[in-house]
Structures are given as C-alpha cells and as structure tokens.
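> The structure under discussion is supplied below as structure tokens; questions concerning it will follow.
Any read-out appearing in this document is the output of simple, stated calculations on the displayed coordinates, not a laboratory observation. These numbers come from a predicted model, not from an experiment. As a convention, Cβ positions derive from the backbone with ideal geometry for all residues, glycine included, and neighbour counts pool all protein chains shown.
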Amino acid sequence: MAKELKALKEYLEDARKRKYALGGFCFWNYAYGMSIAQVAQKLNLPMLYIIGDAEVKFFGGEKNAVAAARTVAENVDVPVILHADHFRDFESIKRAIDAGFRSVMIDASSYPFEENVERTAAVVEYAHRAGVSVEGELGRIAGCEQKLSVDEAEAMQTDPDEAAMFVEQTGVDILALSIGTVHGEYRFPPHINIPRLQKISSRVQIPLVMHGGSGTPEDKVAEAVQYGITKLNLATDLVKIVGKATADVQQQEQFRYSVANLYAKAYEDLAKYAEHKMRLLADNIL
C-alpha cells in the first residue's frame with residue numbers, strides 16, 4: 001500500500017511554536033524531488049513540496065503528481081507533504097484534494113476582502129471535511145514583471161487588522177502574507193517589512209507564510225522566522241540552478257549527452273542549495 005502524504009498544518013504549528021520554518025520546494029519530477037528529500041532525511045526534517053498549476057500540468061494531472069510524491073515518501077523515513085500552491089478556483093482545489101493532496105492553498109488575494117473571505121471559507125469547509133489543511137492569502141505579492149514604487153509596494157502589503165478578521169472569518173489554517181517579497185526575481189532592491197510582520201504576528205496566532213523566497217536577503221528571512229514565518233516558498237532559484245548547471249556541463253570538453261551527464265551536476269547543486277536553505281530556516285532546532 002502506497003504511503004500517504006501528510007497534511008501541513010501540524011508541522012507548521014510546531015514550527016511556529018519552536019520558531020523555525022520549512023522550505024517549500026517547487027516539485028516538478030521524481031529524480032529532482034528525491035535529491036532534496038534525501039537532504040530532508042539527513043536533517044530529519046519534513047519534506048515539503050509546493051506545486052502550482054503549471055507543474056501539475058507538467059506531470060499530466062493531479063493524480064500523477066500525487067503518485068510521484070508518494071513514491072518519494074516510500075523511499076525516505078521523514079514525512080512528505082505535497083502542497084497545492086496558488087490554486088485559484090474551487091474546482092481545481094477539489095480535484096487536488098480528491099486526487100490525494102492533503103494540503104492546499106486558495107489564492108483569492110486579487111479579490112476584494114469580502115470575496116476573498118467567501119472563496120477561502122468555501123475551500124476550508126470542503127478541505128477540512130477531508131482532513132486537508134488550507135493556506136489562504138491576504139495582501140498582494142508583486143510579480144517579477146512589476147515595477148513598483150516603494151509606496152505602491154507598501155500599499156499591496158497585508159493589513160494587520162484585516163489579517164486577524166480574515167483568519168477568524170475563514171477558519172483558514174495557514175496565512176500567506178505580503179510584506180515586500182516578490183514572485184520570481186527581484187527587479188528592485190528587496191525591502192522586507194519586518195515591523196509589519198511583527199504587527200500581524202501579534203494579532204494572528206496561526207502559522208504565517210512568506211512567498212517569494214528566491215533572492216530574499218537571508219538575514220531578513222532569519223529575522224522573519226522569529227516573528228511567525230513558518231514556510232518559505234522556493235521556486236525560481238531551483239529553476240536557475242538547473243539551468244546554469246546543465247548549460248555549464250555542456251560547455252565542457254568531450255561532453256557526451258546522456259541523462260546522467262546532463263543532470264547529475266544539477267541535482268548535486270540542488271541538494272547543496274536545499275541543505276543551505278533548510279539549515280537557515282531550521283537553525284533553531286538543528
């Protein structure tokens with residue numbers, strides 16, 4: 001019988017209590033996933049994968065993504081979590097839950113507050129009946145293509161009072177915040193709003209999440225963990241590592257094409273990066 005994947009809530013609640021965080025690593029194939037899962041096992045940490053709509057399609061559907069994650073779980077002795085990241089509509093989240101996801105995110109942050117609450121609460125009701133944990137998002141996280149002034153970026157960030165109301169009205173388990181990070185690569189110097197995080201953390205007791213971890217200053221990440229951040233999403237850095245490593249090996253003299261020759265260095269570099277980030281985030285318990 002295949003190993004079941006784990007719900008995220010209890011692990012992040014422990015992380016908030018003990019002031020550490022988990023890296024959420026973008027998942028796109030089994031071999032890459034195992035290279036990072038072996039690091040999680042070495043450090044005795046849960047293996048947390050995040051997967052968006054694009055990666056689900058890359059796998060050929062939710063069931064295939066779940067099957068790949070379960071295969072990883074069968075080959076390591078630590079919990080494995082597959083988290084649906086930035087899913088935006090109820091039907092796609094329902095498909096993920098029905099396929100075996102035990103952790104989902106509903107991103108309705110582009111809607112007005114009241115509609116965000118309504119959409120998130122509907123997902124919470126369905127997911128909790130299935131024993132699935134739910135992450136919601138409040139505030140807007142800039143994309144890598146956006147060029148914003150400091151004032152515009154600040155206006156997109158999560159309001160502490162709204163955060164408290166959002167958690168109470170939705171029953172969500174985990175809250176993703178906007179405090180100055182971006183999705184993708186930064187096109188401007190990062191300004192991570194730790195004072196805003198402190199205010200939110202004082203009003204909201206559930207685990208908090210920072211999206212846009214690639215390129216975010218590590219001293220600010222470490223500081224954010226002390227104020228309730230329990231998950232840091234990582235995707236762009238991973239893709240860049242693979243792109244650079246595979247490009248570099250092809251420039252070597254007498255390079256010969258094979259799967260091992262092309263990808264072995266990339267997976268080695270990914271494992272080194274993953275260990276560095278896991279140690280940064282969980283330094284308090286390692």
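> Hey, got a sec? Which trypsin sites (Lys or Arg not before Pro) in the stretch 242-286 land in a DSSP loop and have at most 10 other Cβ atoms within 10 Å?
In loop regions of the stretch 242-286 (DSSP not H, G, I, E or B), the sparsely surrounded trypsin sites (Lys or Arg not before Pro) are Arg256.
> Enter the angle in degrees (range 0 to 90, nearest 10) between the Cα long axis of helix 236-250 and the first principal axis of the Cα atoms of the chain, meaning the one along which they spread out most.
Roughly 10 degrees, rounded to the nearest 10.
> With Cα extents along the principal axes in Å defined as stated, name the option among (i) 79, 40, 36; (ii) 49, 47, 38; (iii) 60, 46, 35 computed from the structure displayed.
(iii)
> While we're here: If amide hydrogens are placed 1.01 Å from N in the peptide plane, which non-local residues have theirs closer than 5 Å to the one on Val209?
Leu175, Ala176, Leu177, Thr230
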